[in-house]
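The values are calculated or read from the model by the stated rules, or taken from the named source; none is laboratory data. Quantities reported herein were computed from a predicted structural model and do not represent experimental measurements. No Cβ is skipped: glycine too gets one built from the backbone with ideal geometry, and neighbour counts run over all protein chains shown.
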Amino acid sequence: MIKREKSIELLNKAIAGEMTALNQYMYFHFLLEDMGYDYLSAYFKRTAIQEMMHVEKFAERTLYLKGEIDMKASASVEKIHDVEAMLEKAEAMESETIANYNEWANLCGADADLASKQLFESIILEEESHQDHFDTELENMEKFGDKYLALQSIAHSRNAVAAAGALSAE
Ligand SMILES: [Fe+2]
Ligand SMILES: [Fe+2]
């Protein structure tokens, strides 16, 4: 089998970026949970898990190509505490990932590695849905202002009451 050095390099760059995203999103998840913003906290956790699944897919492909997996995040976590800044950071990360994967899919295609190309293409679709979701949350934040966070706090209280009810019913 031809050793596809270029694809292996791109797949490892993708793994590094996915690990950065998963660390950053878990960090946001922890903070948002602590602030009582249950919905956004859960969304960041779910997205982090999806980024981890992307690491897995890129790693499987790298091993198939007989490459080594670096498992190093491309950047360290940014300590962002403001909710709007978190959403802006996440939206920017997704945009950058989409641009990279479009470029890298084409590079793999030009190197006649169509399976790696297709892998990038299938993951682009998921990153676009993340970006779309973060965009919507940012729009809602602009539209509803402080009420946006107030609604999230109400959801938290409702969940707490429901959990207490479930406990007393046991
Ligand atoms: Fe991803
Ligand atoms: Fe993503």
Check: Within the range 148-161, how many residues are modelled with pLDDT of 85 or more and either closer than 9 Å to Gly36 by Cβ or surrounded by fewer than 12 Cβ atoms within 10 Å (Cβ to Cβ) (or both)?
Finding: 1
Next item on the list: For the range 1-53, enumerate the residues that are charged (D, E, K, R), more than 24 Å from Gly67 (Cα to Cα) and away from ligand 2 (no atom under 16 Å from the Cβ).
Entry: Glu33, Asp34, Asp38
Item checked: Residue selected from the range 26-45 under the condition in a helix (DSSP H, G or I) and in contact with a His (Cβ under 6 Å, 6 or more places away or on another chain), by the criterion farthest from Ala150 (Cα to Cα) -> Lys45
Note to self: Quick check on this structure: which one of Leu63, Leu32, Leu114, Leu107 is modelled with pLDDT of 95 or more, away from ligand 1 (no atom under 16 Å from the Cβ), crowded, with 19+ Cβ neighbours inside 10 Å and among the aliphatic types (A, V, I, L, M)?
What the structure shows: Leu32
Note to self: Being over 23 Å from Trp104 (Cα atoms) and either within 16 Å of ligand 1 (Cβ to nearest atom) or out of contact with any helix residue (DSSP H, G or I) (no Cβ under 6 Å at 6 or more places or on another chain) (or both) is the filter here; which residues of the range 35-47 pass it?
What the structure shows: Met35, Ala42, Tyr43, Phe44, Lys45, Arg46
Checklist line | Hits in the range 36-50 - residues which are free of Cβ contacts under 8 Å to residues at least 60 places away in the same chain and not β-branched (Val, Ile, Thr) | finding: Ser41, Ala42, Phe44, Lys45, Arg46, Ala48
Next item on the list: Output yes when any residue across the range 79-89 is within 16 Å of ligand 1 (Cβ to nearest atom) and within 24 Å of Phe28 (Cα to Cα), and no when none is.
Entry: yes
Check: Quick check, is Ser168 more than 16 Å from ligand 1 (Cβ to nearest atom), of a type in the set (Ser, Thr, Tyr), within 21 Å of Asp34 (Cβ to Cβ) and surrounded by fewer than 16 Cβ atoms within 10 Å (Cβ to Cβ)?
Finding: no
Check: For the range 54-75, how many residues are within 16 Å of ligand 2 (Cβ to nearest atom) and farther than 17 Å from Gln131 by Cβ?
Finding: 7
